[in-house]
1. By the scheme Lys and Arg +1, Asp and Glu -1, what is the net charge of all other residues having a beta-carbon under 15 Å from that of residue 172?
2. Could you give the semi-axes, largest first, of the ellipsoid that matches the chain, computed as the square roots of 5 times the alpha carbon gyration tensor eigenvalues and rounded to whole Å?
3. Among the DSSP beta bridges whose two residues both lie in the chain, what percent are antiparallel, rounded to the nearest 5?
4. Give me the dipole magnitude in Debye, nearest 20, for region 249-337 about the Cα centre, with unit charges on the beta carbon: positive for Lys and Arg, negative for Asp and Glu.
5. Among 151, 106, 21, which one moves the most in a GNM of the chain with springs linking Cα atoms closer than 10 Å?
6. Return 47, 273 ranked ascending by Cβ neighbour count within 10 Å, so the fewest neighbours appear first.
7. How much net charge surrounds residue 119 when only the other residues with a Cβ under 9 Å from the Cβ of residue 119 are counted, with Lys and Arg +1 and Asp and Glu -1?
8. Packing-wise, with mean Cβ within 10 Å as the measure, how do 261-269, 48-56 rank, highest first?
Amino acid sequence: MFAQSDSAFYGMNREWWRDDATIVDGVLTMTGFRIFRYAFDGPDRLYLTATMKNGAVTSGTLVRADPARLAAGDRPAEWPWPGERVSIPHLTVRTPDGARPITLEATFYPPVGSGPAPLAIFTHGSDVGRNQLKTWSFSTEAHWLRDNGFAVLALMRRGRGRSEGINGEENFGREHDGGLVDVSAGVAEAVEDLDSAIAYGRKLSGVRPGPVLLAGQSRGGFLAMHYAGLKPGEVLGVVNFCGGWYPYGPVTTPYYANGGRGAAGKVPQLWLYADNDGLYNEALIREYDRAFVAAGGRARFELLHGVPGDGHLLRLYPDRWRLIADQFLATLDRQKP
């Protein structure tokens, strides 16, 4: 049985229905009007991945609650969720009148417990059209990182969500025939945004000074790898989910070589990809890895199999990657100055 309540915020009306369901390897899958996939994360939490009829995929987290305590006004420790929306002043870009810095939107998840924790920054992929106006809070990834002892800042780069400024990441350099020859301008803008987020995040309550963990999806994963190569002293580690800036090897592969050269032996990295990625095929993914390693980079490279749907959305299926990622985080030197 599946039921939901009224929610004006999410445009939901109360309803219930009966779905067919299977449980395989600890994952509950319900098929019907939508496909819901629930994976247990301990006794009190479920990760949800929902695939809609139009092909859209979304995710979330469910926590156990006592109905009587809810009725009495009590709330689980993990509520309210997701986190606190914050505005990050940009370090280099100002409003058109020059009156103030533009601001970048982010969601801050304070660390669990009372002591200061290292900062992890998670950032998004490219998106197109109206999707650029959507704010990604990355609550699934934030849960995972907080469980592993991090404070988390989920960053929206300029022109995305409620972040001010213009998204210049699509200003590719092209030849007269339209062929892509250069992505450096867009990459440089994203690096500036990440600089601003790191400077701001280090000042937040509960955050310990020092290097930060960088993680991201697609273009965000590429950015984490690239930034670690530029400024290895600022980075504790990298978790790259299906990273790539643009699916065109001759232009983007050299960035992986540069990243490997700059971060060689200094920044541990985990690269998580799927063999059914709809944007970056297996040959190109392996090309990126070879270029990185040949230049001296060190990364744990995992090409995962059997990811549901489009493997580019691997991050939405933590039961496929969490054990690997937990092992990686446990190896990081969190006392790195």
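Every read-out reported here was derived from the displayed coordinates using simple, explicitly stated rules and does not represent laboratory data. Bear in mind the structure is a predicted one, so any value in this text is a computation, not a measurement. Note that we place each Cβ from the backbone using ideal geometry, even for glycine, and neighbour counts take in every protein chain shown.
1. -4
2. They are 32, 24, 22 Å, listed largest first.
3. Given both bridge residues lie in the chain, the antiparallel proportion sits at roughly 60 percent.
4. On the way: 11 positive and 10 negative charges, 101 e Å.
I would put it at about 480 debye.
5. 21
6. Working: 47 23, 273 27.
Ascending number of Cβ neighbours within 10 Å: 47, 273.
7. Numbers: positive: 202, 208; negative: none.
Once all neighbours under 9 Å are counted, the net charge is +2.
8. Top of the packing list down: 261-269, 48-56.
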